[in-house]
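Asks: For reference, the structure I am asking about is given below.
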Amino acid sequence: MDVLVIGAGGHGQVVADILLAMRAAGDGDVHPIGFLDGNPNLQGRVFLGLPVLGQDQDLNAVSHDAVIVAIGDNARRRRLYEHLLAAGENFANAVHPSAVLAPGVILEPGCMVCARAVVNTGAVILADSILNTGCVVEHHNRIGPHAHVAPGAVLGGECVVGEDVLVGIGSTVLPRVRLGDRCVVGAGAVAVRDVAPGTTVVGVPARPR
């Protein structure tokens, strides 16, 4: 499966590194072929041995089997994912070989699971979400589409994370807490109760900013 990475910035390079690690670990079905990126300054560059093959509008000119949208900003990633989905694109998942996914975890298309992330039994990770380096998603969590669980964040059991949510670096979400769509849990915060949609919470315990 020839995979085209959409986005050649720092996040895109991490995705490409994961795909290369998957292939090196024996997943012969994964073959990253390069990047597309709208930044004209990146055209012709090579990252991790993979070329930037063009801009977003060049997608149809590059032969590929699947794409993965590698943009860290949730809203931008969602818009591009939805555009590509409507265009009939297939989406790959990038799952680092050192990540631990329990049997039966559901991982929808277009997700990224970084090095040493842990996802426990019964968890459902919806489309185009990011589980970043070293995060912990405990049992029976539901992570909404286009969400981002940042490095080192920990979610207790049975949490519900809405669409476009950012769970910040090193933050903690207590069991059974619900995070509304597009909310943000700040870096290092501890969410002890439900967070309303569109709200940013910070501190210990986390409170609206």
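The values are calculated or read from the model by the stated rules, or taken from the named source; none is laboratory data. Remember, predicted model here, so these are calculated numbers, not experimental data. Positions of Cβ are generated from backbone atoms using ideal geometry, with glycine treated the same way; all protein chains shown enter the neighbour counts. Just the protein is used for accessible areas: all its heavy atoms, side chains included, with ligands, DNA and RNA removed. Shrake-Rupley method; radii C 1.70, N 1.55, O 1.52, S 1.80 Å.
Asks: Listed residues Gly72, Gly38; which is touching a residue at least 40 places away in the same chain (Cβ under 8 Å) and open to solvent by less than 60 Å² (accessible area, probe 1.4 Å)?
Replies: On the way: Gly38 fails: touching a residue at least 40 places away in the same chain (Cβ under 8 Å).
None of the other options fit; the residue is Gly72.
Asks: To continue, here is another question. Which residues, taken from segment 103-125, are in a loop (DSSP other than H, G, I, E, B) and open to solvent by less than 20 Å² (accessible area, probe 1.4 Å)? If you could, list the steps in order and put the result at the bottom.
Replies: At the first step, the residues of segment 103-125 found to be in a loop (DSSP other than H, G, I, E, B) are 103-105, 108-111, 114-117, 120-123.
Passing the criteria: Gly110, Cys111, Cys114, Ala117, Ala123.
Asks: Answer yes or no: is there a residue in segment 45-57 that is surrounded by 15 or more Cβ atoms within 10 Å (Cβ to Cβ), touching a residue at least 12 places away in the same chain (Cβ under 8 Å), out of contact with any helix residue (DSSP H, G or I) (no Cβ under 8 Å at 6 or more places or on another chain) and over 26 Å from Thr121 (Cα atoms).
Replies: Yes.
Asks: When you go through (1) out of contact with any Cys (no Cβ under 9 Å at 6 or more places or on another chain); (2) at pLDDT 95 or above; (3) open to solvent by 40 Å² or more (accessible area, probe 1.4 Å) one by one for Tyr81, which number turns out not to apply?
Replies: (3)
Asks: Go through Thr133, Thr121, Thr172 for me and flag whichever is within 13 Å of the chain's Cα centre (by Cα) and free of Cβ contacts under 8 Å to residues at least 40 places away in the same chain.
Replies: On the way: Thr121 fails: within 13 Å of the chain's Cα centre (by Cα); Thr172 fails: within 13 Å of the chain's Cα centre (by Cα).
Sole residue among the options that is within 13 Å of the chain's Cα centre (by Cα) and free of Cβ contacts under 8 Å to residues at least 40 places away in the same chain: Thr133.
Asks: Right, something else. Considering only segment 165-182, state which residues are buried (at least 23 other Cβ atoms within 10 Å of the Cβ) and either more than 17 Å from Val137 (Cβ to Cβ) or of a type in the set (Ser, Thr, Tyr) (or both).
Replies: Scanning segment 165-182 gives a single hit, Ser171.
Asks: Next question, about the same structure. In segment 58-69, which residue that is among the β-branched types (Val, Ile, Thr) and over 16 Å from Asn132 (Cβ atoms) is most open to solvent (accessible area, probe 1.4 Å)? Working first, answer last.
Replies: The initial filter retains those residues of segment 58-69 that are among the β-branched types (Val, Ile, Thr), namely 62, 67-69.
Checking which are over 16 Å from Asn132 (Cβ atoms) leaves us with 62, 67.
Values: Val62: 24, Val67: 0 Å².
Among those residues, the one meeting the criterion is Val62.
Asks: Shifting gears a bit: Within the set of pairs 6 or more residues apart or between chains, which connect a residue that is farther than 21 Å from Gly134 by Cβ inside segment 79-106 to a residue that is open to solvent by 70 Å² or more (accessible area, probe 1.4 Å) and of a type in the set (A, V, I, L, M) with Cβ atoms less than 8 Å apart?
Replies: Sorted first by the residue in segment 79-106, then by its partner, the pairs are Phe91/Leu85; Ala92/Met1.
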